[in-house]
Amino acid sequence: MTGQNSATASDYVFDNDGDHSSDQHHYLARLLDPLTFERLALTGVGPGWDCLEVGAGGGSVALWLAERVTPGGRVLATDIKPGLIPSRPGLTVARHDIVTDPLPEGAFDLIHARLVLSHLPRRREVLRRLRAALRPGGWLQLDEIDITRWVAPPPSGGPGEEVYAAYVKAMARVLGAAGSDPTWGGTAARDMAAAGLTDIDRTRWTEVWKRGSAGLGLLISNSHHLEGRLLEAGMTLGQLREVREVMSAPGFSAPSFEIHSILGRRGRDD
Ligand SMILES: C[S@@+](CC[C@H](N)C(=O)[O-])C[C@H]1O[C@@H](n2cnc3c(N)ncnc32)[C@H](O)[C@@H]1O
């Protein structure tokens, strides 16, 4: 699996080789690993399992899986830009585009992807490829975002509400312009069933973000990472500075976006 970067790579809004990429993955891991690990544990993943981590980013989930499947198992961690995935015995890292590069069929006991398919316009096609890559009875876990309620929260009357709302809406425009669907988490379970996965089990995660939280850390980091695109989407530099101050201020709090964690299986006779 040494596929070349393709058009898909250039459409993806973030990157893994910029000044803010490590920060992004640090905050994603802090924010979401507890949920991801709790859900993955429900599959019974353990020694001897063959796992695929798609769009592994900073590699925290791949590392966790590599510990769990020892001895005898293996984890393949892929990404279009795999440079931030650490190496470790039992963990194979590969540059691979999940949309266009070949994927072995019937090869994995467990496949996981977090915040990857929502970025891919061809996500339903990718879902069918992932199902085919599972062994009969194998598990697919997707952890995906839905910003529907986050973009239109009830007014809180709190300080900084206006500029924060402008920032959230600009982020939604930036993601949409690049072909992402940041509401897909809400309907991903339906698409998994349509792709032929069974035993669908879904949970919805939210929390409240306060100063110093991983969630606000991620948003501050994103405001730097995507600054150029946010300016193109209508924000001013002054607003970006202001929203960073607002999110760093004592007393600021805001509801998080939603993450939907969805498990499904390839049928045993499939
Ligand atoms: C938002 S990050 C999430 C990273 C990691 N899954 C996590 O949740 O911590 C999305 C990741 O998907 C990768 N990615 C984007 N498009 C991809 C593609 N077509 N094939 C494989 N990986 C892709 C990106 O390079 C990035 O590392």
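Only one entry in Leu226, Leu218 is within 15 Å of the chain's Cα centre (by Cα), surrounded by 15 or more Cβ atoms within 10 Å (Cβ to Cβ), closer than 27 Å to Ile262 by Cβ and touching a residue at least 40 places away in the same chain (Cβ under 8 Å), namely Leu218.
Take Gly18 and tell me if it is over 24 Å from Arg128 (Cβ atoms), at pLDDT 95 or above and either more than 11 Å from the ligand (Cβ to nearest atom) or within 20 Å of the chain's Cα centre (by Cα) (or both). If you could, list the steps in order and put the result at the bottom.
Details: over 24 Å from Arg128 (Cβ atoms): yes; at pLDDT 95 or above: no; either more than 11 Å from the ligand (Cβ to nearest atom) or within 20 Å of the chain's Cα centre (by Cα) (or both): yes.
So Gly18 fails the test.
Given (1) away from the ligand (no atom under 16 Å from the Cβ); (2) surrounded by fewer than 22 Cβ atoms within 10 Å (Cβ to Cβ); (3) in a helix (DSSP H, G or I), identify the lone condition not met by Pro153. All conditions are met except number (3). Touching a Phe, Trp or Tyr at 6+ places or on another chain (Cβ under 6 Å) and either under 23 Å from Thr43 (Cα atoms) or at pLDDT 95 or above (or both) - does that describe any residue in segment 148-163? No: zero hits. Could you tell me whether segment 40-59 includes any residue that is in contact with a strand residue (DSSP E or B) (Cβ under 8 Å, 6 or more places away or on another chain), in a helix (DSSP H, G or I), surrounded by 22 or more Cβ atoms within 10 Å (Cβ to Cβ) and in contact (Cβ under 8 Å) with a residue 12 or more places away in the chain? Yes, the conditions are met somewhere in segment 40-59.
Contact map, segment 1-26: residues that are under 11 Å from Ile80 (Cα atoms) and in a helix (DSSP H, G or I) paired with residues that are near the ligand (Cβ under 8 Å from one of its atoms) and at pLDDT below 90, Cβ distance under 9 Å, separation 6+ or inter-chain. Pairs shown: Ala9/Asp15.
Residues are listed down the side, and each one gets a yes or a no for (1) modelled with pLDDT under 95; (2) more than 9 Å from the ligand (Cβ to nearest atom):
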{"site": "Leu35", "(1), (2)": "no, yes"}
{"site": "Ala41", "(1), (2)": "no, yes"}
{"site": "Gly44", "(1), (2)": "no, yes"}
{"site": "Glu67", "(1), (2)": "no, yes"}
{"site": "Gly83", "(1), (2)": "no, yes"}
{"site": "Gly90", "(1), (2)": "yes, yes"}
{"site": "Ala94", "(1), (2)": "no, yes"}
{"site": "Asp97", "(1), (2)": "no, no"}
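Annotation: of all residues in segment 69-81 being small (Gly, Ala, Ser) and not in a strand (DSSP E or B), the one that is farthest from the ligand (Cβ to nearest atom) is Gly72.
Do you know which residues across segment 99-126 are within 18 Å of the chain's Cα centre (by Cα) and away from the ligand (no atom under 13 Å from the Cβ)?
Taking segment 99-126 as the starting set, the residues that turn out to be within 18 Å of the chain's Cα centre (by Cα) are 99, 110-126.
Residues satisfying the conditions are Leu110, Arg124.
In the set Pro121, Pro82, Pro102, which member is out of contact with any helix residue (DSSP H, G or I) (no Cβ under 9 Å at 6 or more places or on another chain), within 30 Å of Ala170 (Cα to Cα) and either surrounded by fewer than 23 Cβ atoms within 10 Å (Cβ to Cβ) or of a type outside the set (Val, Ile, Thr) (or both)? Even if it seems obvious, please write down each step before you answer.
Numbers: Pro121 fails: out of contact with any helix residue (DSSP H, G or I) (no Cβ under 9 Å at 6 or more places or on another chain); Pro102 fails: within 30 Å of Ala170 (Cα to Cα).
Within the list Pro121, Pro82, Pro102, the selection yields Pro82.
The values are calculated or read from the model by the stated rules, or taken from the named source; none is laboratory data. From a predicted model like this one, the values you see are computed outputs, not experimental measurements. Cβ sites come from the backbone with ideal geometry, for glycine too, and all protein chains shown count toward neighbours.
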